[in-house]
Amino acid sequence: MRLVLGGAALSIMTAVAVAVPESLLHRGTREARECLAKYAEPRGPETPSCGAAFDSFYWPAKFPWTASRARYRIEELGVRMARFEYVEAAVGKPNREALAHAAEAIEHQAVIVQNGTTRVSMKELGPLAGAPDPGRDADELGDRRTLVERGESWFNWRVRLSTLRAALLSGDMAKTEALAKRYAVDDPRDPDLRSAVASVLCMGPDPEKGADMLAYIQDDRASRRYEGLSRDYGEVRALLVACLAKRNLPPPPLPTRSDAGTADAVEQRALLRLRLADTPAAEASRNAAIATIVRLLEGGPRGPGGRLSLLAALLTSGTDLDTARIVRLSKPKFDELPLAPSLSLTALEWVADHRPAIGDAEPAAILPGKVFLAASHELFALQTKLEEAADKPVGKDEPNEGDQPGTSDADVLAGIVALRGALLLEAAASLARDGHPEVATAAADDAAAVLKLPTAARSLLRSNVYWVSGERDKAFAESAFDTTAARADDATENRILAALSLQRSELAMSLGKRDEARYAALRAERFASAANESNLLARSKWMLAALGEAKAEPPPKETLATPAPFPPVGFASPLEPWRTDDPDKQRTLLDRALAPWVGLATADPAVRRAGRWATLRSRGDAPPWLSVHLLLASRLLDPTEGDHEVFFDALLAFDQRRFSLRSYAFARAEAARMRGDGAAASTWDDRYRALRKLAADHAHIELTRHLDI
């Protein structure tokens, strides 16, 4: 009996010894999961105290059968707490200093994992998450200061690319060059990082090294396929030629092997070749470049802005072309976009500067604004000769027998006038981007006169010039117009009036005129609806929501916890699925997307905080009108609850890659002005001007375009 009782007691003691640490481990896991989930739920400003869960893992870590699992959870709990505190410092209680301290904690946890389990993912205490990586985590939260200050220690190529972009956006070219030199030492094999580093080197510190790196990319893309895929090398070829030109070196021959990529970007390469052939010794190269341009114009459809750029270069090259041929070359082919840009483009589109919708798409051919202006002068001389030689008023003469359609003197003159107007419009936009408002305004006025534009279109052009140049008061004054004579059945007029009304609304908000901003936004919605213009209608609805004109209930807690709490619209897709011919369907889509933002704006602080956490799961689909979107997002954060700028950095961490650096800085400055933050607006204005100065250096036009400036 004693043996039986002793064995039973021993079994009970053994079971208890095994069960207690297992029970503690299970309880600690449950408590940690529940506590960590509270970070993203509606709550007060105090963060959850999840450190108590460490106590539940302390004893299990001392027993062999639970030690490994307990230590894994201890490590994971530390990592998740550090990461959640990082997110809290970015969106929960946005604060730049707290963000810096949280970044240090992430780095500390990364060292613990590297010296501990060395695992790459964690899933015991929450959804699957990667191991801590200070660079990647900073990139995902838009923490530019951490990216740039510690930039030399990053090794992930995507993080390095984001760091170069962050340094450029800060306007610190010296730091950007230092980072490029550091990354070049590692001789990066990734082609995107390699070309970005090489472009920075070519712009200043080491063009020889930059050219060597670009030459490698060119030859590699031309000859090698990776997993059956290849990439064209035309853009890299243009970068290489521009880089060598800085050292007065001729371009190398094209790759002898072309088993993979091809020499695309033919438009920009032809323009570059013509630009560099400006000496008597380069006459043969100049003639070849001109012949290439003519061949491209006579060939198939050209990319956005390509035909106009090629024509401008041809007209200023000194080549003797008859007017009828110039008009023929100006005609778009097949499904090519019209030669002249839309008259309803606002300053927002002017700043964007023909940026490709897809990251790896062939970049649009670009030229300095002065070339477009010079080309318009050449056409004016031809137009004057045609008008002097005409015996009849324009449009009244009859074509001679045997003439081809469109070749009469009147048709040729009309074609020259239309081409001249398109060149002047492009010159105005380009010169405004480069910071020359006086010349740009004159070009805009000339374009309006040549094309006989209505008063609203003329006002929009002048307003664009002033706003892009930074003269907001003048831009606002130009946006005033009389709507009494507007015709509801004229789609073109309504489209222009909608664009002008939107511009006036955004400018009014930027200047602190909230009532006028609301009236103008309501007019914009009315005109956009009359014109059935989806882009302008969506933009006006976004502005009205940002001004508090829309109403919606706060989303429930369950909705905020879903993977996509803010329904996507499709703004990030180049195919633009949000555009539809059914106005009712589009309104429903937009209202559904705006509802969570509008509802959270009027919710209590605890729900708004959960909403800010939820925005991080819906990033990547911000609308093109970033300043208005940020004005709407600012309603989720009271100034007493944190720093809007830190929140916006995190909110746009994914979206900002879709925009050029100049347009992003422009939008951030306007968003700061709209909410009355003069200090932040001044900072972003300085960054915008620094980027504009870089882009205005036309010797680097290919390099700055590749760097997305």
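The values are calculated or read from the model by the stated rules, or taken from the named source; none is laboratory data. Remember, predicted model here, so these are calculated numbers, not experimental data. Neighbour counts run over all protein chains shown; Cβ positions are idealised from the backbone, glycine included. Just the protein is used for accessible areas: all its heavy atoms, side chains included, with ligands, DNA and RNA removed. Shrake-Rupley method; radii C 1.70, N 1.55, O 1.52, S 1.80 Å.
A compact table of results
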item: Among (1) outside any helix (DSSP H, G or I); (2) open to solvent by 70 Å² or more (accessible area, probe 1.4 Å), the one test that Gly300 misses; result: (2)
item: Matching residues in the range 38-56 - criterion: being outside any loop (DSSP other than H, G, I, E, B) and under 20 Å from Pro127 (Cβ atoms); result: Lys38, Tyr39, Ala40, Cys50, Ala53
item: Failed condition for Asp232, given (1) in a helix (DSSP H, G or I); (2) within 23 Å of Thr704 (Cα to Cα); result: (1)
item: Evaluation of Leu345 against (1) at pLDDT 90 or above; (2) open to solvent by less than 50 Å² (accessible area, probe 1.4 Å); (3) part of a loop (DSSP other than H, G, I, E, B) (one fails), failing number; result: (2)
item: Failed condition for Ser573, given (1) of a type in the set (S, T, N, Q); (2) closer than 16 Å to His629 by Cα; (3) out of contact with any helix residue (DSSP H, G or I) (no Cβ under 7 Å at 6 or more places or on another chain); result: (2)
item: Restricting the range 619-641 to residues that are touching a residue at least 60 places away in the same chain (Cβ under 8 Å) and open to solvent by 20 Å² or more (accessible area, probe 1.4 Å), the residue that is farthest from Ala517 (Cα to Cα); result: Glu641
item: Only listed residue being within 18 Å of Ile709 (Cβ to Cβ), in contact with a Gly (Cβ under 7 Å, 6 or more places away or on another chain) and either open to solvent by 30 Å² or more (accessible area, probe 1.4 Å) or assigned to a helix (DSSP H, G or I) (or both), chosen from Ala198, Ala180, Ala174, Ala166; result: Ala198
item: Answer residue from the range 366-408, given it is at pLDDT below 85 and hydrophobic (A, V, I, L, M, F, W, C) and is least open to solvent (accessible area, probe 1.4 Å) among those; result: Ala390
item: Subset of the range 56-79 [open to solvent by 20 Å² or more (accessible area, probe 1.4 Å), touching a Leu at 6+ places or on another chain (Cβ under 8 Å) and modelled with pLDDT of 90 or more]; result: Arg69, Arg73
item: Members of the range 94-134 found to be surrounded by 15 or more Cβ atoms within 10 Å (Cβ to Cβ) and in contact with a strand residue (DSSP E or B) (Cβ under 7 Å, 6 or more places away or on another chain), listed by number; result: Met122, Ala131
item: Hits in the range 630-662 (condition: more than 16 Å from Ala138 (Cβ to Cβ) and not in a helix (DSSP H, G or I)); result: Leu637, Asp638, Gly642, Asp643, Phe659, Ser660
item: Top-ranked residue of the range 135-161 - restricted to ones that are within 18 Å of Arg687 (Cα to Cα), free of Cβ contacts under 8 Å to residues at least 40 places away in the same chain and touching a helix residue (DSSP H, G or I) at 6+ places or on another chain (Cβ under 6 Å), ranked as surrounded by the fewest Cβ atoms within 10 Å (Cβ to Cβ); result: Val148
item: Extreme residue, least open to solvent (accessible area, probe 1.4 Å), among residues of the range 553-572 that are assigned to a helix (DSSP H, G or I) and in contact (Cβ under 8 Å) with a residue 24 or more places away in the chain; result: Leu560
item: Qualifying residues in the range 612-629 (those that are outside any helix (DSSP H, G or I) and either over 24 Å from Thr562 (Cβ atoms) or of a type in the set (Val, Ile, Thr) (or both)) - the one nearest to the chain's Cα centre (by Cα); result: Pro624
item: Verdict on Arg675 being surrounded by 24 or more Cβ atoms within 10 Å (Cβ to Cβ) and among the charged types (D, E, K, R); result: no
item: Options Ala82, Ala37, Ala53: the member that is open to solvent by less than 80 Å² (accessible area, probe 1.4 Å) and touching a Pro at 6+ places or on another chain (Cβ under 8 Å); result: Ala82
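One line per residue, one yes/no per condition, for (1) more than 32 Å from the chain's Cα centre (by Cα); (2) polar (S, T, N, Q); (3) surrounded by fewer than 23 Cβ atoms within 10 Å (Cβ to Cβ):
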| position | (1), (2), (3) |
| --- | --- |
| Ala410 | yes, no, yes |
| Ala427 | no, no, no |
| Leu431 | no, no, no |
| Gly435 | no, no, yes |
| Thr492 | no, yes, yes |
